Structures are given as structure tokens and as C-alpha cells.
Amino acid sequence: MSGRMCRRRTGAGQFVLHCTLLVSASPTLKAAVHTDFSIDSVRVEFVDPDTERDFQRHHLDRTRASLRLTLVFCSLFYVAFSLTDFAALGYGTPALVLLVGRLLVAFTACFGLYMVRDEIHTIAPHRMAASAAEIVGMAVFMLVVWYRAGELPWHAMSLCIMLVVVYVFIPNRLITSVAIAFAATLAFIVIALERGELKPSDDITMSMLLLLVNSFGIVAARRYHQLWRDEYRVLMELKHLSIRDHLSGCFNRRHLHATLLPSEMMRARKGRQWITLMVCDIDHFKRINDSYGHQSGDAVLQHVAGTLQAMTRGELDSVVRYGGEEFLLVLPQTDLERGMRVAERLRAAVEQNPIPDVSGKEIAATMSIGVLSANFATIRRTVSEATLIAAADALLYDAKKSGRNSIRCLQWTDELSRAGAHPGNLPFPLTGLDIDTRGRAALADGPPTQGRSEPSITG
């Protein structure tokens with residue numbers, strides 16, 4: 001779409017468009033999404049699958065490091081203990097079978113290390129590597145118990161150590177760890193009863209001790225999983241407080257300049273996509289504070305902020321409280337036409353929904369909006385975030401001058417970039433711009449003119 005500059009003013013039941021586009025107001029509200037940090041008491045995982053997935057991704061580097069260390073350490077000891085097989089069984093077939101099994105454990109560990117290499121950023125391969133190592137390791141250990149049944153007390157002690165490793169040191173889902181550990185314990189008890197030569201009282205004692213180790217392992221693992229998730233919840237809450245405005249719940253200005261806008265601009269440049277900035281300001285907000293009190297003014301701010309957040313794409317768009325009564329919206333992958341539609345829906349929603357104050361009276365509020373869109377598929381010159389914000393703010397200023405409760409929009413072009421290297425050199429106020437027959441904004445010849453008439457469409 002070619003660049004265009006437009007202005008919209010509202011009157012009694014109608015509005016005027018100074019643009020080639022007529023946009024209808026049709027609000028579509030979305031429910032606000034709040035993060036659910038509740039934890040399932042059985043699985044010890046976040047009830048919300050999205051929260052659990054975000055938690056796993058947050059700890060992915062730590063999970064990878066812990067899993068790597070455990071795989072390397074356990075596989076080396078598994079292979080090294082093949083010496084005890086040859087010492088106990090000689091160089092016959094049973095010892096060779098156990099050697100193959102131990103090498104299979106080492107191969108499984110090496111394959112697991114490959115699956116959790118740095119290039120892998122998903123959770124599933126890490127869980128598969130952990131589960132495969134646990135299952136293969138326990139299966140091979142049962143072979144050792146079967147062929148060396150005369151050393152059951154030593155094997156019971158070894159199994160206790162392996163159960164602790166499964167519960168605590170190998171990062172995996174609790175339910176998976178419990179299933180593997182209990183299956184291994186049951187298999188060990190069956191082999192001990194079938195192949196062992198212990199007294200019944202010794203068998204019972206050994207079984208009770210293994211069940212005790214499992215019980216303590218479950219308690220330790222549950223505390224471990226609970227602790228990490230509690231820490232993550234606190235961290236996310238602190239992060240939320242650090243990047244959000246406490247009154248409106250929107251992102252704050254520091255987060256906008258430090259992280260949000262630079263990352264969105266980089267993504268737009270890299271993908272050669274559209275990005276739209278929208279600066280919104282509540283009209284006559286000081287008058288509202290003076291007439292109704294500051295508590296009512298806060299209620300108006302919260303109502304407008306909630307409207308902006310509910311009527312934008314929560315997973316993609318960002319709403320920032322930029323100043324006292326000023327909000328800035330960052331709309332990725334949004335061209336000028338869609339930006340104008342969103343702006344009109346927001347403006348109409350604020351105008352048509354009065355806000356009740358603390359005394360029950362309704363406070364009528366309106367909002368002026370400046371909309372600036374940039375298409376990085378066509379922009380060749382470098383433009384900074386500060387320049388685009390200043391241009392959107394100037395559009396808002398022009399909307400205020402034109403009578404408030406109106407919208408002013410513009411598509412950024414290379415011609416505007418040539419006008420100045422920084423916001424102070426921008427050719428604003430925007431009445432100094434001409435619009436050619438294709439709707440492209442360009443610098444006017446000669447000094448800016450005041451009060452230029454523009455073609456309008458009423459509806």
C-alpha cells in the first residue's frame with residue numbers, strides 16, 4: 001500500500017476522513033490473559049500447559065547442563081564397573097553379555113548428549129534423553145543382578161544409589177521418574193526372590209529398605225520440583241513488576257526503550273515487514289482530574305488501558321504507558337490501513353463507553369491518536385526508534401490541534417528520512433506535507449502552510 005497521511009474528526013454521529021480510506025468502527029473485545037501459576041499437587045507441574053512450557057524453556061540451559069553431567073558421569077562408571085563383572089564371572093559369555101549391556105548404556109548416554117546439544121531449544125528431546133538413559137540403565141542393571149545373583153546385598157545398595165540419581169539428579173518429569181523407579185524396584189525384588197538365596201526375613205528387610213528409599217526419593221523430588229517452580233513464579237512476578245506500570249498494568253517506558261521497541265524494530269527490518277506505532281492521549285485529562293478528583297482520573301486511566309489491551313492482539317501487540325495520560329502501542333506486522341482500523345475501534349470504544357467514578361457518576365472521555373506505519377520492505381534509509389516515536393507523537397499533536405477525539409495517520413517514507421537525521425529536524429507540524437495523487441506524503445515546496453484544506457469523506 002502506498003504511503004498516506006490522513007486525519008479523522010468526529011462530530012455529532014458522524015466523522016470526517018481526510019484519507020482515501022473509510023473505516024467502520026466495529027469493536028472486537030478479547031479477554032485479558034493472566035498467567036496461572038497454580039501447581040498440580042500430584043504431578044507437581046504448573047496446571048496451565050503454557051506456563052509449564054515457559055518454565056521448562058526458562059530452565060532449559062540449566063536442565064541441559066545437569067543432564068549432560070549426569071549422562072557422562074553415570075556412563076563412565078557403568079563401563080568402569082565391567083571390571084567387576086569379569087572379576088566375578090570370568091571371561092565367559094555372561095561377562096561379555098554384561099559388557100555389551102554396559103556399552104549400550106554408554107551409547108545411549110552419547111546419543112542423549114547429541115540430542116541435548118546447544119542447537120536444540122525444545123523440551124521433548126531432553127526428556128527423551130533422560131527417560132532413555134534411565135530405562136536402559138535400569139534394564140542393564142537388572143541383567144547384572146540376574147547374572148550375579150549371589151551379591152544381592154551389594155546390588156541392593158547400588159540400586160539405592162541409582163534410585164537417588166533417578167529422582168534427584170536426572171532432570172525429568174516426576175511422574176516419569178516415579179514410574180521408572182518403581183518398575184526397577186519391583187523387577188529387582190522379583191529377581192531377588194527368584195535367583196537369590198537370602199532368608200525370607202532378609203528379603204522382606206531389603207524390600208522395605210528399597211521402598212523407604214523410593215519414599216524419600218519421591219519426597220525429595222517433589223520438594224525439588226516445587227522449589228524450582230516457586231522460584232520461577234517469584235521471578236516472573238518480579239519481572240512483571242519491573243516492566244509494567246503499576247496503575248494501568250501496561251508495559252512501562254523503560255521496558256519500551258530498553259527491550260520492546262528495539263527488538264520489534266529489529267524483527268521488522270530483518271523480515272522486511274510492516275510495523276505501526278500508535279500514540280494515544282486522553283483528551284482534557286487535567287479537566288477530568290480537576291472536576292472529578294484524582295481517584296476518578298486513575299479510574300479513567302485504568303479503563304482506557306484495559307480497553308487498549310483488550311482490543312489488541314495480546315500475543316503480538318504491546319501497550320505501553322508512555323506518559324501521564326499518554327499510551328504508545330506497538331503493532332508488528334500491521335500496515336497503515338489495518339492500523340487505522342484499529343485506531344478507530346479504540347477511539348470509538350473509549351468515546352462510547354463512559355467510565356463510572358467512585359460516586360457512581362459517569363465520566364465521558366475521548367481520545368486522540370497519532371498512527372505512524374513503516375514498511376521496511378520499501379524503506380532504504382536508516383530510521384531510529386526515537387525518530388518514529390517523535391513522528392507518531394507529532395501526529396498526535398496534530399490530532400489535538402484539529403479538535404481532539406480524532407485520528408491523524410502517516411506512512412513513513414525515505415523522503416521523510418531525508419528531512420532530518422534526528423527527531424528535532426523532522427518536518428512537523430504535518431501540515432507542511434503535501435499529498436500527491438497516489439496518497440504519498442512528501443515535503444511541500446516552500447514554507448509550511450497553516451490551515452490547508454484537504455479533501456474529506458464523510459460518513
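Details
- With neighbour counts taken as other beta-carbon atoms within 10 Å, the residues Met208, Met311, Met367 rank, fewest first, as Met208, Met311, Met367.
- Legend: ranking of residues Trp274, Trp228 from fewest to most surrounding C-beta atoms inside 10 Å; resulting order Trp228, Trp274.
- What the Cβ-Cβ distance of Leu96 and Val42 gives, at R0 = 35 Å and to the nearest 0.05, is a FRET efficiency of 0.20.
- For the range 338-377, the set of trypsin sites (Lys or Arg not before Pro) satisfying both a DSSP loop assignment and a count of at most 15 other C-beta atoms within 10 Å is given as Lys361.
- Efficiency of FRET between Thr259 and Leu198 - r from beta-carbon atoms, R0 56 angstrom, step 0.05: 0.30
- Note on Leu60 and Met236: the model spin-label points, each 7 Å out from Cα along the C-beta direction, lie 1.6 nm apart.
- Summing charges over neighbours of Leu209, with a neighbour being any other residue whose Cβ is under 12 Å away from its Cβ, gives -2 when K and R count +1 and D and E count -1.
- Panel order for Cys110, Cys250, by other beta carbons found within 10 Å of each beta carbon, from fewest to most: Cys110, Cys250.
- Ordering Ala95, Ala139, His58 by the projection of their Cα atoms onto the charge dipole of the range 49-240, which places +1 on the Cβ of Lys and Arg and -1 on the Cβ of Asp and Glu, puts His58 at the extreme positive end.
- Sparse packing (at most 12 other Cβ atoms within 10 Å of the Cβ) combined with a DSSP loop state is found for the following chymotrypsin sites (Phe, Trp or Tyr not before Pro) in the range 89-150: Tyr91.
- Once backbone amide H atoms are built at 1.01 Å from N, Phe376 has Gln273, Trp274, Ile275 as its partners under 5 Å, excluding neighbours fewer than 5 places away on the same chain.
- Karplus (6.51, -1.76, 1.60) ³J(HN,Hα), θ = phi - 60°, over the range 229-244, in Hz, Gly and Pro reported as x: 6, 5, 4, 5, 4, 5, 4, 5, 5, 5, 5, 4, 5, 6, 10, 10
- Computed from label points 7 Å out along Cα-Cβ, the spacing between Leu211 and Val164 is 2.2 nm.
Any read-out appearing in this document is the output of simple, stated calculations on the displayed coordinates, not a laboratory observation. Source: prediction; values computed, not measured. With ideal geometry, Cβ positions are generated from the backbone for all residues, glycine too; neighbour counts draw on all protein chains shown.
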